[in-house]
Amino acid sequence: MENKTDPKSTALLVMDVQALTVNMIANSETLLKPLNKAIQKARAGGIPIIYVVIGFRKGYPEVSASNKSFSQIAHSTGMNIDTEEATRVHASVAPAPGDIIVTKKRVSAFAGSDLEIVLRSGNIKHLVLTGIATSGVVLSTIREAADKDYVLTVLSDCCADRDEEVHRVLTTKVFIRQADVLTADTWPL
């Protein structure tokens, strides 16, 4: 069921849209253009925008050797996500003064971050999810947020995945069980 967005209890989450992740998407403009539209819509509607970035301390002390995904990143060359530059949001969708930036340490936006405290403090009950990758941060965050009883909306054209078929299946068959799946144009404000 599609919910009209109540700006007083809604936040737009822009997740893992850092230069490093944007560069992993084949045609990033197909993501960035609608994402910019959603961000502008949120700003015009008085909806807070929360940017969620992945980031680690120098040397990755938060990454366990038993964590298959992140230990590979920590030990690879060229994937330096333990720098301030690596956590910077892509310039085309950069935060404005007053936007909140949350740094996470795992796949879900909630894991290893203070996102839940920020949401509770703002009386946020409805999350509008966007980000890279659909099969990563978006999937993990939707599952955890649903378990925490948030009202959820996913803007499918504001999410991207390296595997377009996985993106399609998630946005048309999986996410609809827990969220309204809309586009930047059809998101009602």
Which residue, chosen from ALA145, GLN18, GLY122, occupies the Cα position most advanced towards the positive end of the dipole of segment 7-182, where the dipole is computed from +1 (Lys, Arg) and -1 (Asp, Glu) charges on Cβ about the Cα centre?
GLY122
Per residue, how much space in cubic angstrom lies within the convex hull of the C-alpha atoms of segment 7-182?
115 Å³
For VAL53, list long-range residues whose amide hydrogen, built 1.01 Å from N in the peptide plane, is under 5 Å from its own amide hydrogen.
ASP16, VAL102, THR103, LYS104
Using 20 Å as the Cα-Cα cut-off, could you pick out the over-long pairs in LYS58/LYS105; LYS33/LYS105; LYS8/LYS125; LYS8/LYS41; LYS41/LYS105; LYS125/LYS148?
LYS33/LYS105; LYS41/LYS105
Ranked ARG106, ARG120, ARG177, criterion: other C-beta atoms within 10 Å, fewest first
ARG177, ARG120, ARG106
To the nearest 20 debye, what charge dipole does segment 7-182 have about its Cα centre, counting +1 at the Cβ of each Lys and Arg and -1 at the Cβ of each Asp and Glu?
280 debye
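Where a number appears in this text, it was derived from the coordinates with a stated rule and is not lab data. Predicted model, so just to flag it, every value in this text is computed and none were measured. Glycine also receives a Cβ, built like all others from the backbone with ideal geometry; neighbour counts cover every protein chain displayed.
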